Every structure is written in structure tokens, then in C-alpha cells.
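Heads up, the thing below is written out as C-alpha cells.
The values are calculated or read from the model by the stated rules, or taken from the named source; none is laboratory data. The model shown is predicted, which means the values in this text are computed figures rather than measured ones. Here the Cβ is made from the backbone with ideal geometry for all residues, glycine too, and neighbour counts use every protein chain on show. For the accessible areas, the whole protein counts, side chains as well, though only heavy atoms, and no ligand, DNA or RNA atoms are used. Shrake-Rupley method; radii C 1.70, N 1.55, O 1.52, S 1.80 Å.
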Amino acid sequence: MVLPKCRYITVVFFAFVVLLINNGVEAFHKVYPHLQSVSTISVSRQHRTAYHFQPPKNWINGSVWGNIVWAHSISKDLINWRTLEPALYPSKPFDKFGCWSGSATIVPGKGPVILYTGVVDDKQTQVQCYAVPEDLNDPLLRKWVKPDKFNPILVANKGVNGSAFRDPTTAWWSKDGHWKILVGSRRKRRGIAYLYRSKDFMTWVQAKHPIHSKGETGMWECPDFYPVLVNGNQGLETSEGGNHVKHVFKNSLDMTRFDYYTVGTYFEDKDRYVPDNTSVDGWGGLRYDYGNFYASKSFFDPSKNRRILWGWANESDTKEDDVRKGWAGIQAIPRTVWLDSTGRQLVQWPVEELNNLRGKEVNMNSQKLQKGDYVEVKGITAAQADVEVTFSFASLDKAETYDPKWVNAQDLCAQKGSKLQGGVGPFGLLTLASQNLEEFTPVFFRIFKGPVKHVVLLCSDATSSSLKSNMYKPSFAGFVDVDLATNKKLSLRSLIDHSVVESFGEGGKTNILSRVYPQLAVANQGHLFVFNNGTEPISVENLKAWSMKPADIK
């Protein structure tokens, strides 16, 4: 979505308002008819977030499908939100069985236009539709209409899988005089992004070839395609091109339930996207986030010249627990995103407006941590906090040797964990911890000696997060692209919010969001520690932690 320069930011996103639940990371959409008619009677406050966005009740996204609509919330700052009535809900023959994901584009002379996927029948036949505001003079864009003329604007052509044809992107204007969009699809196990062009935004023609595809990746959901500056952290309007930009191509993989992206070149004259040779194109590629983070969408914010990324985080407890809670699914904190100075990956950081929720601050400086030490960070609400810390170490000589077979960071984190003593690390934070460490979610670094440079692993390990057993408690992890040869320091920021630990390693190069549900470490019984379980002493060079005020979400 390209945001207009107006008083409110209006974000329209699809939500399964009646009942949407996701138990863990599931590969396919499951239908639970016996739960679809369940309505929310009460809302449990335990584990409910205080400053991550979620609706007042009910469910956003997930695996229990009900009345699939686009919910509608507005904000002046991307942190405090006001809920309006749903923007889109099934009301026409072309979306009788659901209004699925899509995007919005500000079209000159027309205003904002939503492109979304309508589901025609119980066989999940998918078509692309459009909606426009009923009243362009309404600053909140409360009501949207779906004109019968031109709708649906796209149906699957021969050779296109009509039950795997969804999630149109924000459009961009091409110098050849056309609007262009992408629609995600698959052919057997090959992921595909079909390209369509239009001169009037209503009549769309499929290009002769997809903009990009890749074998063995499965269905490409929620594709996103946008330019980033080669040098600098300012965002770009989606139609920007030229030698001063690279392009990012992101897909949400339905088979694995994570988002992966590549950085590459868009050849506009050929309508082809080619990933750089430094970007792995497939399951092993770069990820926005190595944890509970899916179906993300970016948009350009012209008010501050930045590109904003927003992703959804599912629940990790059981479907029955979600029904009892009366809610499920949250949004990650909106992130500013830009291209790293190396040109090989993106960098993400929470939007600056989040800092306005910071309350009481505590500091820790020059705290030495020997092997086995853990020191409590006192004086804040540890279950609702923002923590920034820089760790330093004098030597890397004790780092463990890296085994080239350790290509999967998540498997390596599960194998090593935070309790197994290492050389340099594990060291980091113990978040949402009970007083006696019966429960804790560690977010930590571990450093290895690699063949060329040191390998840095960032983990967020939910294995010990809860005494409750019947839930998904994974060891999430990603490698951090950093050279420690000249600067023996690593930074970490963690946003702790009752059932969320959202972490940003080394300035946002590697990021992990975990959903956890402690039984003891709740509310005022939650604690925060710094720790070191490596033989090399670690220094907490500086740490700042803030109690976070709740966002105004209603």
C-alpha cells in the first residue's frame, strides 16, 4: 500500500473474524467445521499483548477458517490503533466464499484501490477483484464498495491453477505506460509469480511469462516486490527504478510457513526479475524473520520516506486454548526496512514511533559475566519491556570449531541450546523467566570458528519457555552476517510483550519472533536476566531497558 499524506494511516488487512487459529507452524490450511460456529464469549488477558497489534477479540489469520473478511483499523503512528467496521466481507458472487489477501494502491485520479482475492465456490476457485472507497472525502475510508463493472478483474487463464491463484501485489507504474501487478501461484511444486499489466487499472492482461518462478518451493502466497536504495536507508515509492536501486522479491511459502526473499535486478524492458548470485533462491534463502512471522506486506510511507514491513505472528498453543482465550494471532511491530551496506541482505528495525511507549528506564554498564553467570535486570516490568544491549568479548580463541554440515541454523540451535556450555557463548538474555528459572525464553548468540571468518548464530529458544507441554516450543535461529575480526561486539534488541519475544540481532540483520506462553513467568512474576554459559568471559558493555506502556488499541 502507498500511504496518502493524510491525518490517519489506514491499514486494511484480511482477518478471519469469526474464528481463525493456527496451532504451530502448519504447512496447509486446515478446516475445522466444528469450531467455525464458535463465537467469542470472553477474552482472557493472560498472555495477551500490550503493545503488539491485535483485535479486541477474535482471530486474525490461521488454520480454522470461518467468515473470511478484511478487518479495518486506523492509526496516526502505526502503534496506537482504532478498530472500524470490516472493510470487505463476502457479499458478491465473485467472493461468496471469502475475501482473501491482496494490496492497495493509490491510483492518480481514482484514489485508493484495493485488489484482493475472491473465492467463488467451495472448491476454492480464486479470482482477483477490486474495491474502492464509497466516499473519498471520508478521511477514515470507512466504507468500501465492489463495483459490478469489471469485477472480477482477473480469472485464471488456461494453464494457470485456479485454486492456487491469489494475493495480488501493490501495483507499480512502468515507463512503458502500464500498471503492473503480480499474483502468486504454483504449478505442481514450482512457485510462480504471474505478471499482469493494465493501462486503466481495470482491464488486465497476463504477460507471456511469469516475472519469476522457482522449482520445489510450492505455492507462493503474499508475494511482495519493491525497490530499495543501493546506498542509504530511505524508502522508495513502489514504481521507482534505475541504476540507483535494487529490487526485493519476497514470497510466503505455503509449504513451510515462512517468508523468504532475494535481492536482485528487475529488467523492466523484459519484465524479468533475476536474483543476485549472493541470494539463495529457495527454501534456504534469506528470511525477514526466522521465527513466527508470515504473510508479511511492505508499503511506502511518504510522510517519512521509509518502507514499512508488517508481518503476522501465529499462535503456538493449541486450538482449544485459542478458543478459550477468545483471541488468536497478532501482528509483529511494524519495521522500517532498507538494504544493508553490503548489498547482500535487508536490515529491519522497529518503527521509531514505538519508542514513545518507553517508560521507566534502567541501565547496566560494564557488567562482567563469567561462565555460568546470570544477573537480573531489575526495576522494570520484565514481561512488558524493550531491551537494547551490547555484548563485548576480549578474545575469540575459545570459539568452537564450525562444522560445515551445520547449514541449518534452527537445527544447530536445537542441538546446542542455551544450557550446553560453549566457548564464546551462549550469551544473551533470559526473557520471560520465572524467579528460579523453571521457565525462561533465552535469546542468545553463539560464535564458531569458520574456515574464512567466524560464524555467528542467533537463537530464540522456546524449549524451556513454559511448563505446559502440549504446545509448539521450537528452537528458532538464524546466522548473522557480521565480521568480528576488528570489532568484537554484538548487539541485541528484544521486545518482550507477555507472549511475544521479538528480537533484532546486530542492528536488525537477523531477526526472530517467538510466541511463548509461560505459566509462572506472567505479569509481575516475569523476570529478565543477562547470562553467559561460555568459557570466555563476556561483558555487558551497556544495556538499556524500559518498561513499556500499553498501546492504545481499541
Checking SER491, SER469, SER465, SER503 in turn, the sole residue that is without any contact (Cβ under 8 Å) to a residue 24 or more places away in the chain and among the small types (Gly, Ala, Ser) turns out to be SER469
Mind checking which pairs have a first residue in the stretch 542-554 that is under 25 Å from LYS489 (Cβ atoms) and a second that is in a loop (DSSP other than H, G, I, E, B) and among the hydroxyl-bearing types (Ser, Thr, Tyr), Cβ under 9 Å, 6 or more apart or different chains?
-> none
Select from the stretch 95-123 the residues that are surrounded by fewer than 20 Cβ atoms within 10 Å (Cβ to Cβ) and not aliphatic (A, V, I, L, M) and list them in ascending order.
-> LYS96, PHE97, PRO108, GLY109, LYS110, GLY111, ASP121, ASP122, LYS123
Determine whether the stretch 524-544 contains at least one residue that is surrounded by fewer than 18 Cβ atoms within 10 Å (Cβ to Cβ), assigned to a strand (DSSP E or B) and in contact with a Ser or Thr (Cβ under 9 Å, 6 or more places away or on another chain).
-> yes
Within the stretch 232-245, work out how many residues are touching a Ser or Thr at 6+ places or on another chain (Cβ under 8 Å) and either free of Cβ contacts under 8 Å to residues at least 40 places away in the same chain or surrounded by 19 or more Cβ atoms within 10 Å (Cβ to Cβ) (or both).
-> 2
Filter the stretch 208-222 for residues that are in contact (Cβ under 8 Å) with a residue 60 or more places away in the chain and open to solvent by 10 Å² or more (accessible area, probe 1.4 Å); which is farthest from ALA131 (Cα to Cα)?
-> GLU216
Do we have PRO451 as surrounded by fewer than 22 Cβ atoms within 10 Å (Cβ to Cβ) and over 26 Å from the mean Cα position of the chain (by Cα) here?
-> yes
When you look at VAL480, is it free of Cβ contacts under 8 Å to residues at least 40 places away in the same chain and touching a Ser or Thr at 6+ places or on another chain (Cβ under 8 Å), yes or no?
-> yes
Here the qualifying pairs (Cβ atoms under 6 Å; residues six or more apart or on different chains; first in the stretch 171-194 and without any contact (Cβ under 8 Å) to a residue 12 or more places away in the chain; second crowded, with 24+ Cβ neighbours inside 10 Å) come out as none
Out of curiosity, is GLY109 within 28 Å of TRP327 (Cα to Cα), at pLDDT below 95 and in a loop (DSSP other than H, G, I, E, B)?
-> no
Name the residues in the stretch 348-368 that are part of a strand (DSSP E or B) and either open to solvent by 10 Å² or more (accessible area, probe 1.4 Å) or farther than 30 Å from THR262 by Cβ (or both), would you?
-> TRP349, ARG358, GLY359, LYS360, GLU361, VAL362, ASN363, MET364, ASN365, SER366, GLN367, LYS368
Select, from GLN410, GLN415, the only residue that is touching a residue at least 24 places away in the same chain (Cβ under 8 Å) and either open to solvent by 10 Å² or more (accessible area, probe 1.4 Å) or touching a strand residue (DSSP E or B) at 6+ places or on another chain (Cβ under 6 Å) (or both).
-> GLN410
Here are some residues: VAL280, VAL337. Which one is surrounded by fewer than 16 Cβ atoms within 10 Å (Cβ to Cβ) and either among the hydrophobic types (A, V, I, L, M, F, W, C) or in a strand (DSSP E or B) (or both)?
-> VAL280
Residue that is most open to solvent (accessible area, probe 1.4 Å), among those in the stretch 418-436 that are in contact (Cβ under 8 Å) with a residue 12 or more places away in the chain and in a loop (DSSP other than H, G, I, E, B) | LYS419
